[in-house]
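A.B. asks: Input: one structure, supplied below.
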Amino acid sequence: MDFRLSEDLELWRKTVREFTENEVAPHDEAMDRANDLSWDIIAKMRDAGMFGIPYPEEYGGSNMGSLAGAITTEELARGSASIALTLDAHWLATDPIYLFGTEEQKKKYLPDLVAGKKLAAFALTEPGAGSDAAGIVSTAVRDGDDWVLNGTKAWITNGGAAEVYLIAVKTDKTKGARGISTFIVEKGTPGFSIGKKEDKMGCRGSVTTELIMDNCRIPAANLLGKEGEGFKIAMMTLDFGRACVGSMGVGTAQSVMEKAARYANQRQAFGGPIAKLQAIQFKIADMAMGIQAARFLVYHAVWKRDQGLRFSQEAAMAKVFAAEVAMNACREAIQIFGGNGYSRDYPVERCLRDSKLLEIGEGASEVLRMVIGMSTLKEFA
């Protein structure tokens, strides 16, 4: 078993790291304070080809695979969890079109999405249905050659910024999860509007809004996959998304560990740098061990996807573990920084606020633990 990355992947990691250090990290504080996305960074990511990393060349992608995608979000998260989240959310909506779209849908939407000319958003969550995705109540009713959508979506990353939306709704209320279907809705469609913009605790440099459908009429050709396949599409889509969220946890934890280590080496107390204190060394050691373990979990999950293997459980494990590694790293980094860590003049408090989302979005840790537990128990039944 060879744990080394290929030369191409190592080169890509270096490229994204340099991009993040020069073009992303210097602007993260400003995005956080403004509670808004930087379109300048999005344009530079587009020019660097980041949006098309996991997708084949026939649609304008780089065909580098899912592992390269996870490395991209990991490295971006070192400088800004918000920017990494924006890309992850874009892939959440691009992936289903690539996996389940008709040739006509792929030709119409993928070139612009893969090139980053348009942002996309995936809309599953509702005010009364988060991790319980089967509990959504928004509807679509067939009317001749059209579908008419009604309902409200909540906590939609890239809401308002995106021009293409994948929206899961109930087409048959009597069938539960099997009555969910997914539709492609373009920004500007009559009856489709952007609702409240959320004033979030963290990841404030990504845009999160409500979506409102009020007799939103779309052509039948905008149905993605078959009627009733929406839940399956959502779950398969979230597998890759969860792995990428895990990679964001790895990148954030790596960033705060490096910041804490540098601070410990230069901060003087008790007659020398605090890095010489065993208590500080133990904190850094725990961070380093957690980061390495989380990174391997993430890479294993996306490697399985690249091999065409099922990876739902591995993706869930990677997300849960990496999110908790990131939160723990941020808490310990703040402790190492002391009072300075509690100040907005230093970046570690922002990393803590950003990391909390990783334990909630795309499947709360508690729900994913249930998924992992049930799957494991089934193996030994």
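A.B. asks: Hey, among the residues in segment 93-146 that are modelled with pLDDT of 95 or more and among the acidic types (D, E), which one's surrounded by the most Cβ atoms within 10 Å (Cβ to Cβ)?
C.D. replies: D95
A.B. asks: I'm checking my understanding of the structure. Among residues of segment 19-72 that are β-branched (V, I, T) and in contact with a Lys or Arg (Cβ under 8 Å, 6 or more places away or on another chain), which one is farthest from V207 (Cα to Cα)? Steps first, please.
C.D. replies: Of the residues in segment 19-72, the ones β-branched (V, I, T) are 20, 24, 41-42, 53, 71-72.
With the extra rule that they be in contact with a Lys or Arg (Cβ under 8 Å, 6 or more places away or on another chain), the set shrinks to 20, 71.
Numbers: T20: 19, I71: 23 Å.
Only one residue fits best here, namely I71.
A.B. asks: Here's a follow-up. Could you give me the residue pairs with C-beta distances under 8 Å whose first residue belongs to segment 76-87 and is modelled with pLDDT of 95 or more, whose second residue is basic (K, R) wherever it lies, and which are 6+ apart or on separate chains?
C.D. replies: From residues that are modelled with pLDDT of 95 or more, the pairs are R78/R17; S82/R204.
A.B. asks: Out of the residues in segment 298-327 meeting the condition of being assigned to a helix (DSSP H, G or I) and of a type in the set (F, W, Y), tell me which one is farthest from R267 (Cα to Cα). Walk me through how you get there before you give the answer.
C.D. replies: Narrowing segment 298-327 to residues assigned to a helix (DSSP H, G or I): 298-306, 312-327.
Those still in the list that are of a type in the set (F, W, Y) too: 299, 303, 321.
Values: Y299: 35, W303: 40, F321: 30 Å.
It comes out as W303.
A.B. asks: Scan segment 78-104 residue by residue and report those that are within 25 Å of E18 (Cβ to Cβ), under 10 Å from the mean Cα position of the chain (by Cα) and not β-branched (V, I, T).
C.D. replies: Listed by number, the residues that qualify are A81, S82, A84, L85, L87, D88, A89, H90, W91.
A.B. asks: Within the bounds of segment 177-193, is there any residue that is buried (at least 16 other Cβ atoms within 10 Å of the Cβ) and within 18 Å of the chain's Cα centre (by Cα)?
C.D. replies: no
A.B. asks: Give me the pairs, please: first residue somewhere in segment 225-236 and surrounded by fewer than 18 Cβ atoms within 10 Å (Cβ to Cβ), second residue anywhere and charged (D, E, K, R), beta-carbon distance under 6 Å, and either six or more positions apart or on two chains.
C.D. replies: Within 6 Å, the pairs are G228/R178.
A.B. asks: State whether the residues of segment 328-345 include one that is assigned to a helix (DSSP H, G or I), within 21 Å of the chain's Cα centre (by Cα), of a type in the set (A, V, I, L, M) and within 30 Å of Q266 (Cα to Cα).
C.D. replies: Filtering segment 328-345 for residues assigned to a helix (DSSP H, G or I) gives 328-342.
Remaining after also requiring within 21 Å of the chain's Cα centre (by Cα): 328-330.
Subset that is of a type in the set (A, V, I, L, M): 329.
With the extra rule that they be within 30 Å of Q266 (Cα to Cα), the set shrinks to 329.
Yes.
A.B. asks: Show the residue pairs that are 6+ apart or on different chains and have beta-carbon atoms under 7 Å apart, the first residue being within segment 1-26 and under 17 Å from V250 (Cα atoms) and of a type in the set (D, E), the second being at pLDDT 95 or above and in a helix (DSSP H, G or I).
C.D. replies: Here the result reads E21/G79, each pair linking segment 1-26 to a residue that is at pLDDT 95 or above and in a helix (DSSP H, G or I).
The values are calculated or read from the model by the stated rules, or taken from the named source; none is laboratory data. What you see is a predicted model; the values in this text were computed from it and never measured. For neighbour counting, all protein chains shown are included, and Cβ atoms are generated from backbone atoms with ideal geometry for every residue, glycine included.
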